[in-house]
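The values are calculated or read from the model by the stated rules, or taken from the named source; none is laboratory data. For clarity, every value in this text was computed on a predicted model and none was experimentally measured. FYI the Cβ positions are ideal-geometry reconstructions off the backbone, even for glycines, and counts take in every protein chain you see. Ligands, DNA and RNA are excluded from the accessible area calculation, which covers all protein heavy atoms including side chains. Shrake-Rupley method; radii C 1.70, N 1.55, O 1.52, S 1.80 Å.
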Amino acid sequence: MFLIFFAIIPFCLLVSEDAFAHHGAVGGFGVGRAGPITTVPAVPLVTGRFSVGTRMEYTKFSRFTDSQLKNFAMEGKEVDSTNALFTPFLGAAYGVTDNLMVMARFPYVSHDDIREGHREEDGGVEVHREGDSADFGDLTLLGLYRFLKDRDKDYHIAGILGVKTPTGRTTERALNGRRFEVEHQPGSGSWDPMAGLAFTKHWGHLSLDTNVLYTFTTQGSQRTILGDIFNYNLGLSYRLTKERHIHDHEHGVHWHVDWDLAVELNGEW
């Protein structure tokens, strides 16, 4: 089972193809606690514990020039180009049982400076500057269930099931009044089921986490299917210090403070 995770990653790198657009999906689904940032660990939160975190992702694209967009339009391809994608989001997780954890993520999605090449009715080509698109995106809900735990070797395997719900705005309009296509809307308007696996192995203060997550997209706004998404992540984290307890007797607060060093490889097909 452990080797399967590592076999999948180079395979996905080999089958990935060029994209004639700049729209990308919202990143991974780390629960916002110590350890990996994007990778989903196979170890759920302790029963009754919860975790809340916020994160911001900024993707700067290599933009198509106006000349390139016009050339695409001459070939009959309406190709778009976006300057950047900015996605802050709030994430939360709750330990239902010692083996079951539920997670949620709610993003704000901002596409900056969208341009698209078009062939006009007279045969000429133009680049339409459509402006920005920004609003709250789609809420994602996940459940993680740990079905295997080896206490002696300290490794864990869990299954992941979830759904992306159509809560995001799908009616944003360009500067010319035209409705943005779905890939540039904050929400997709579709219910998208998700399934995956997660693996965690501990060696003292060192932890290895890896997960795969597949999203089955369905038809959403404007009768559009954006296409399935496959995320694969690998993270290493090291606990730099032992747990430090801080007591604030005046306010009745008891803090547990840890410092982790983390490095990750994250992929998306």
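Residues that are modelled with pLDDT of 75 or more and at positive phi do not occur anywhere in region 207-216. Just one residue in the set R146, R115, R151 is out of contact with any His (no Cβ under 8 Å at 6 or more places or on another chain) and among the basic types (K, R); that residue is R151. The single residue among R223, R146 that is in contact (Cβ under 8 Å) with a residue 40 or more places away in the chain and among the basic types (K, R) turns out to be R146.
Looking across region 155-165, just one residue is touching a residue at least 40 places away in the same chain (Cβ under 8 Å) and open to solvent by 50 Å² or more (accessible area, probe 1.4 Å), and that is Y155. Quick check: anything in region 127-139 without any contact (Cβ under 8 Å) to a residue 24 or more places away in the chain, open to solvent by 10 Å² or more (accessible area, probe 1.4 Å), over 21 Å from T217 (Cβ atoms) and out of contact with any Asp or Glu (no Cβ under 7 Å at 6 or more places or on another chain)? No - not one qualifying residue is present in region 127-139.
Do you know which of the residues in region 160-218 that are polar (S, T, N, Q) and in a strand (DSSP E or B) is farthest from L240 (Cα to Cα)? Of everything passing the filter in region 160-218, T215 is farthest from L240 (Cα to Cα).
Can you spot a residue in region 181-190 that is surrounded by fewer than 22 Cβ atoms within 10 Å (Cβ to Cβ), under 24 Å from D112 (Cβ atoms) and in contact with a His (Cβ under 8 Å, 6 or more places away or on another chain)? Within region 181-190, one or more residues are surrounded by fewer than 22 Cβ atoms within 10 Å (Cβ to Cβ), under 24 Å from D112 (Cβ atoms) and in contact with a His (Cβ under 8 Å, 6 or more places away or on another chain). With respect to (1) assigned to a strand (DSSP E or B); (2) closer than 26 Å to T65 by Cα; (3) free of Cβ contacts under 8 Å to residues at least 60 places away in the same chain, the lone exception for E121 is condition (1). Residue-level check: of (1) within 24 Å of G177 (Cα to Cα); (2) free of Cβ contacts under 8 Å to residues at least 40 places away in the same chain; (3) aliphatic (A, V, I, L, M), V109 misses just (2).
Does E57 qualify as being in a strand (DSSP E or B), at pLDDT 80 or above and among the acidic types (D, E)?
Numbers: in a strand (DSSP E or B): yes; at pLDDT 80 or above: yes; among the acidic types (D, E): yes.
Yes; evaluated as a whole, the condition is true for this residue.
Mind checking whether some residue in region 43-52 is under 19 Å from the mean Cα position of the chain (by Cα) and in a strand (DSSP E or B)? Looking for residues that are under 19 Å from the mean Cα position of the chain (by Cα) and in a strand (DSSP E or B), one finds at least one in region 43-52, hence yes. Every listed requirement among (1) more than 26 Å from T215 (Cβ to Cβ); (2) outside any strand (DSSP E or B) is met by D138 save one, (1).
Scanning region 32-48 for residues that are modelled with pLDDT under 55 and either among the hydrophobic types (A, V, I, L, M, F, W, C) or buried (at least 20 other Cβ atoms within 10 Å of the Cβ) (or both) gives no hits. Filtered by the rule that a residue be open to solvent by 50 Å² or more (accessible area, probe 1.4 Å) and free of Cβ contacts under 8 Å to residues at least 40 places away in the same chain, region 191-212 gives W191, P193, G204, H205, L206.
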